[in-house]
Amino acid sequence: MKLPFAVRIFFKILSYIAPSLAARVAYPLFFRPLKFPIPEREKEFRSTAESGKGELSSGRIHWFKKGGPGPKILFMHGWSGRGSQFTKMMDAFLEAGFEVYTLDAPGHGDEWLPRIDMLSFISGIHWMEKKFGPFDGAIGHSIGGMALWNAIREGAAIKWLVEIGSPSSLSGVLADFTALLNARPAVAEILKGKLSADYQVAEDFFDPVRITGLHPDVAGLLIHDAQDDEVPFNHALEMEAAWKNGRLVTTEGLGHRKLLRDPGVIQLCLNFFANRSGEARVN
């Protein structure tokens, strides 16, 4: 996604003149999701699935459930996304006999909030596990993959995990964010220190590259496109080096979001879970 030229010029100049001020201006933008209309291709799933609302301290989630009684798979969307982005993938899982669950995180989907952080995603995952779990596996896109790792860090019983186009570290997320703003790297370092102080954690506390070493029993797939311009491919290489029980699969030309609708990626995910569950019927 490209920001307006004027915004990029503003942050480029400000980050040279006063990087601390640039970081102060950028900080609230880091927590602000973008609002996108829900495409027609997702509306049937949203209207036909069993659904409801759940209240968190940070806002409200909208949950969806469909299929069964096969293995339970949780689908977690990314920043400025929504659960129904997985519609095509979930349809394939339903046909194969799985039970699928997804959610719109607070401030996403039909709702919008001016400030949300990844902790809201993590809390949403725990809410879903408490109501519907345990889940046999999970699939996370972008920040959704990072949130799933942090839910595992906090005790979520997920042993099979697929992350698609997901970040490897908070440092990487901040570097990508400041690059989007066209700000100098120094701004990312200032933001990282502020986040660490505000949340009172070490700078690498939320990093999947650190968490995976603490949970070697979690098996999974890393699916990442070589041309992903929102979460660059170096994130996948860092995760591949850290995740000893994970396997990297590289795609070409699908970018950051088309992976969720690509037949090859969908079949890859199906095969991964079917081979572990032994209960699904994969055509």
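Coordinate-derived values only; no laboratory data. Everything quoted here is computed from the prediction, not taken from an experiment. All Cβ positions, even for glycine, are placed from backbone atoms using ideal geometry, and neighbour counts span all protein chains on display.
Brief remarks on what is shown
- Dipole-positive endmost among Ser142, Phe205, Leu222 within segment 134-227 (Cβ charges, Cα centre): Phe205
- 0 to 90° range, to nearest 10: angle between helix 170-181 axis and the chain longest Cα axis: 60
- Label-to-label distance for Leu56 and Arg115 is 1.6 nm, based on points extended 7 Å past Cα in the beta-carbon direction.
- Neighbour-count order for Leu191, Leu237, Leu161, fewest beta carbons within 10 angstrom listed first: Leu237, Leu191, Leu161
- Residues of segment 44-82 with an amide N closer than 19 Å to a point placed 7 Å from the Cα of Phe36 along the Cα-to-Cβ direction: 44-47, 62-64, 75-82.
- Where labels lie 7 Å past Cα in the beta-carbon direction, separation of Ala6 and Ala18 in nm: 2.0
- Efficiency of FRET from Cβ geometry, Thr48 and Lys88, R₀ 22 Å, rounded to 0.05: 0.90
- The charge dipole of segment 196-237, taken about its Cα centre with unit charges on the Cβ of Lys, Arg, Asp and Glu (plus for the first two, minus for the last two), comes to roughly 220 debye.
- In terms of surrounding Cβ atoms within a 10 Å radius of their Cβ, Ile139, Ile17, Ile38 rank from fewest to most as Ile17, Ile38, Ile139.
- Kirkwood Rh in Å, taken over all unlike Cα pairs in segment 66-157: 13.1
- Span from the segment 153-227 Cα centroid across to the segment 84-120 one, whole angstrom: 20
- Taking other residues whose beta carbon is less than 15 angstrom from the beta carbon of Arg153, and scoring Lys, Arg as +1 and Asp, Glu as -1, yields -4.
- This model, with +1 at the C-beta of Lys and Arg and -1 at the C-beta of Asp and Glu, gives the chain a dipole about its Cα centre of some 500 debye.
- Cα gyration tensor shape for segment 170-261, rounded if a/c is under 1.5, else prolate or oblate: oblate
- A crude spin-label estimate for the pair Gln200 and Gln267, with each label 7 Å from Cα along the Cβ direction, gives 5.2 nm.
- Magnitude of the charge dipole for segment 206-282, about its Cα centre and with charges confined to Cβ atoms of Lys, Arg (+1) and Asp, Glu (-1), is about 340 debye.
- Partner lysines for Lys159 [C-alpha distance under 28 Å; skip if fewer than 8 residues away on the same chain]: Lys53, Lys65, Lys66, Lys72, Lys88, Lys130, Lys131, Lys244, Lys258
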